[in-house]
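Trainee: Submitted below is the structure of interest, expressed as structure tokens.
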């Protein structure tokens with residue numbers, strides 16, 4: 001989400017202003033595409049392994065987006081990033097609900113969500129990133 005406010009800057013840099021809306025939508029489509037399969041895959045291969053694969057996918061996606069010379073490679077990075085994020089969101093909540101006793105699950109899920117609060121001013125972070133270089 002750090003790049004959410006930078007998409008117009010990225011689109012201008014990649015000479016793809018007419019395709020800027022797809023930068024966000026492609027990640028959401030990828031999230032929705034993998035979400036139905038995450039539970040079954042994590043039951044088959046284990047939550048830890050699937051989570052580690054998704055983290056590796058996110059790193060690869062960031063590399064693709066950072067070195068993208070054109071909009072095509074950037075979009076591939078966005079799709080991989082969206083798929084990885086969809087996996088991570090579901091695995092973390094599933095793992096937390098398995099580990100924590102039933103009477104404490106609501107509290108623990110609340111703590112997990114509060115952990116996202118430092119990232120709430122994403123627009124400010126995005127503008128700070130854009131003032132230097134979005135590729136870093």
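Trainee: Relative to the longest principal axis of the C-alpha atoms of the chain, give the angle of the C-alpha long axis of helix 122-132, reported between 0 and 90° and rounded to the nearest 10°.
Mentor: 40
Trainee: Post the alpha-carbon centroid distance, region 8-33 to region 44-119, in whole angstrom.
Mentor: 19
Trainee: Along the Cα-to-Cβ line of residue 119, 7 Å from the Cα, sits a label point; which residues in region 16-35 have backbone N less than 19 Å from it?
Mentor: Backbone N within reach: 23-35.
Trainee: Classify region 58-136 as rounded, prolate or oblate from the Cα gyration tensor: take a ≥ b ≥ c as the square roots of its eigenvalues, call it rounded if a/c is under 1.5, otherwise prolate when a/b beats b/c and oblate if not. Present the calculation step by step, with values, prior to reporting the outcome.
Mentor: Numbers: a/c = 4.56, a/b = 1.83, b/c = 2.49.
Note, shape of region 58-136 comes out oblate.
Trainee: Let me ask something additional. Could you work out [θ]222 nm for the chain from helices alone, using -39500 (n - 2.57) per DSSP H run of at least four and dividing by all its residues? Round to the nearest 500 deg cm²/dmol.
Mentor: On the way: 6 runs with 103 residues, N = 136.
Per the formula, -25500 deg cm²/dmol.
Trainee: Tell me, in nm to one decimal, what length is gained between residue 37 and residue 63 on full extension, where the rule is 0.36 nm per residue of separation less the Cα-Cα distance? Don't skip to the end; give the middle numbers.
Mentor: Details: separation 26, 0.36 × 26 = 9.36 nm, distance 2.53 nm.
Length difference between fully extended and current span is 6.8 nm.
Trainee: Assuming 0.36 nm per residue, please report the length gained on full extension of the stretch residue 109 to residue 95 beyond their Cα-Cα distance. Could you put the intermediate results ahead of the total?
Mentor: Numbers: separation 14, 0.36 × 14 = 5.04 nm, distance 1.05 nm.
My answer for the length gained is 4.0 nm.
Trainee: What is the helix-to-structure angle for 47-67, meaning the angle in degrees between its Cα long axis and the longest Cα principal axis of the chain, kept from 0 to 90 and rounded to the nearest 10?
Mentor: Approximately 10 degrees, to the nearest ten.
Values in this text are rule-based calculations from the coordinates and carry no lab data. Bear in mind the structure is a predicted one, so any value in this text is a computation, not a measurement. In this analysis, Cβ positions are derived from the backbone assuming ideal geometry, glycine residues included, and neighbour counts consider all displayed protein chains.
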